[in-house]
1. Looking only at the range 289-303, filter to residues that are closer than 18 Å to residue 380 by Cα and not hydrophobic (A, V, I, L, M, F, W, C); which one of those is farthest from the chain's Cα centre (by Cα)?
2. With a cut-off of at least 3 residues that are aliphatic (A, V, I, L, M) and within 26 Å of residue 230 (Cβ to Cβ), name the helices (runs of 4 or more DSSP H) lying wholly within the range 424-485.
3. So in the range 158-176, with the set limited to residues that are open to solvent by less than 10 Å² (accessible area, probe 1.4 Å) and in a helix (DSSP H, G or I), which one is farthest from residue 135 (Cα to Cα)?
4. May I ask you to say which residue of 243, 278, 304, 290 is of a type in the set (Val, Ile, Thr) and free of Cβ contacts under 8 Å to residues at least 12 places away in the same chain?
5. Could you grab the pairs with beta carbons closer than 6 Å, sequence gap of 6+ or different chains, first residue in the range 118-129 and in contact (Cβ under 8 Å) with a residue 60 or more places away in the chain, second one among the aliphatic types (A, V, I, L, M)?
6. If we scan the range 388-397, do we find a residue that is part of a loop (DSSP other than H, G, I, E, B) and out of contact with any strand residue (DSSP E or B) (no Cβ under 9 Å at 6 or more places or on another chain)?
7. Restricting to the range 410-423, count the residues that are open to solvent by less than 10 Å² (accessible area, probe 1.4 Å) and either free of Cβ contacts under 8 Å to residues at least 60 places away in the same chain or in a strand (DSSP E or B) (or both).
Amino acid sequence: MDGVKNIFYLITWIALAVFWLYGSGFLFIIFMLGFFASLLICNKNPEGNGHVCVLVLGDLGRSPRMNYHALSLARHGFSVTLTGFLETNPHHNVLNHEKIKICPISNIKTLKVGPRIGQYIIKVIIQALQLFYVLLNMDTPSYILLQNPPGLPSIAVTRLFCFLRKSQLIIDWHNYGYSILSLTNGPESPVVHISKWYEHIFGRFSKYNFCVTNAMKEDLLVNWRIKATTLYDKPPSMFQETTLQLQHKLFMKLSVDYPQFKAPLDPSDFNIEKSAFTELNKKNGIVIHTKGRPALLISSTSWTEDEDFTVLLRALQDYEELIRNGIKLPPLVCVITGKGPLKKYYTQLMEEMHFNHIQICTPWLEAEDYPLLLGSADLGVCLHKSSSGLDLPMKVVDMFGCCLPVCAVNFKCLHELVKHEENGFIFEDSKELAEQLQVLFSDFQSDSCKLNRFRQNLRESKQMRWDESWDQTVLPIIGGCSKAR
């Protein structure tokens, strides 16, 4: 049977190559027939086999919610195939879990030749064929848990596969793909209209749906006729306040590559090891905060169009001006983490700015170091403005898990997460952000300052963690889905 299956694979890929070169409709039909035949010929595992494919047509290392799904499924005894682009490594808990197998998909870049819509169509076709091939070569899952966006072409491909192989399709709606495309292509672009139509039509073919906010749940029901269950992003247990000992170890590690974490040279005491923020007494092993240390501000981003970092840069300019005018405020180290298409653009802007009391660095952190840095920071800043107005920034969820207060730019449903004057501030523009930085960093190391009151509120809130939320929300559905098979 495997030999026959491989012959069909060979036929389909040869047909695809010839079709690509000569554009023959006849060969394209052969190609499609070969694929469908391969689907039907492949051996099928018994139904209810406890195998789940967790799929995202994006970078697995930057898809934390899908990683958390995989870990939760594995924790309850499911075998999991985690599928997506392996451009950055997921957390070691995912990489080393005996029940999680990572099945990477190559992120093929198309040539930037011809009209944009033509490039997009070619990319979609290639990804559809590639995804079919990947699904064919894994054990048939009982169900596929798919992230949207991106949903084009993954929703249609996985739905067809599920139909042919009697699997169940579950979509986890993080946002709408068409709204993200509109940021770069404009709302009237044909690509945006095609994507919106596609999501409206094919999004209804899933068996179950999850979404990230109640606002999105209502929108899916009213405008899309899709019933979804709200599964809020919640921080996993790895996100928590970082002890001073771990803070110091992390700062010393980062100081090797990022001078912003280094302490000024002081050869007077060889028994003290210093970072810019902490100092270790080598004799007794005690770590304390360095007197007069800078404040540590952190923001994480995917460097995309839905986050305008000029807002933060203008606020930092105002903060610098306050210090120059004699306002007593601490110097700042501003750490902006993440990878994305606009990083080069913004780093060039930062290099053109000249600060005396502010340092900026833009590291890419290992998955294990990111929670530690959040748990070591004094304030988080979020510039995420949802393209649809219906999703919430996961970075704020992680920050709250570390009891880190946040200043977040306002949008439609942010109130479902950030409570103004309770766990942080909500701002409208750079001027308001600068005013909030002044308020929060005035006497910021005092126990009675507003920043520490926000932190204490977060400690006392006893936030629900991901495992508890997932067990209450997802497990009954997936358990029911399994029993129904």
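The values are calculated or read from the model by the stated rules, or taken from the named source; none is laboratory data. None of these values were measured; they are calculated from a predicted model. Quick reminder, even Gly has a Cβ in these numbers, built from the backbone with ideal geometry, and neighbours come from all protein chains shown. These area figures cover heavy atoms from the full protein model, side chains too; ligands, DNA and RNA do not enter into them. Shrake-Rupley method; radii C 1.70, N 1.55, O 1.52, S 1.80 Å.
1. First pass over the range 289-303, keeping only residues closer than 18 Å to residue 380 by Cα: 293-303.
From what is left, the residues that are not hydrophobic (A, V, I, L, M, F, W, C) are 293-294, 299-302.
On the way: 293: 31, 294: 29, 299: 13, 300: 10, 301: 9, 302: 8 Å.
Ranking the candidates gives 293 first.
2. Details: elements: 430-441, 450-460, 466-473, 475-483.
Once the helices (runs of 4 or more DSSP H) in the range 424-485 are filtered for at least 3 residues that are aliphatic (A, V, I, L, M) and within 26 Å of residue 230 (Cβ to Cβ), what remains is 475-483.
3. Across the range 158-176, the extreme among qualifying residues is 162.
4. Values: 278 fails: free of Cβ contacts under 8 Å to residues at least 12 places away in the same chain; 304 fails: free of Cβ contacts under 8 Å to residues at least 12 places away in the same chain; 290 fails: free of Cβ contacts under 8 Å to residues at least 12 places away in the same chain.
243 is the lone residue from the list that is of a type in the set (Val, Ile, Thr) and free of Cβ contacts under 8 Å to residues at least 12 places away in the same chain.
5. Qualifying pairs under 6 Å: 120/191.
6. Initially, the range 388-397 is screened for residues part of a loop (DSSP other than H, G, I, E, B), giving 388-393.
Next, only the ones that are out of contact with any strand residue (DSSP E or B) (no Cβ under 9 Å at 6 or more places or on another chain) stay: 388-389.
Yes - at least one qualifying residue is present in the range 388-397.
7. First pass over the range 410-423, keeping only residues open to solvent by less than 10 Å² (accessible area, probe 1.4 Å): 413-414, 418.
If we keep only those that are either free of Cβ contacts under 8 Å to residues at least 60 places away in the same chain or in a strand (DSSP E or B) (or both) too, we end up with 414, 418.
Residues flagged as open to solvent by less than 10 Å² (accessible area, probe 1.4 Å) and either free of Cβ contacts under 8 Å to residues at least 60 places away in the same chain or in a strand (DSSP E or B) (or both) within the range 410-423 amount to 2.
Let's see how each residue does on (1) open to solvent by 30 Å² or more (accessible area, probe 1.4 Å); (2) touching a residue at least 24 places away in the same chain (Cβ under 8 Å); (3) out of contact with any helix residue (DSSP H, G or I) (no Cβ under 8 Å at 6 or more places or on another chain); (4) in a loop (DSSP other than H, G, I, E, B):
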residue: 227; (1), (2), (3), (4): yes, no, no, yes
residue: 235; (1), (2), (3), (4): no, yes, no, yes
residue: 238; (1), (2), (3), (4): yes, yes, no, yes
residue: 248; (1), (2), (3), (4): no, yes, yes, no
residue: 254; (1), (2), (3), (4): no, yes, no, no
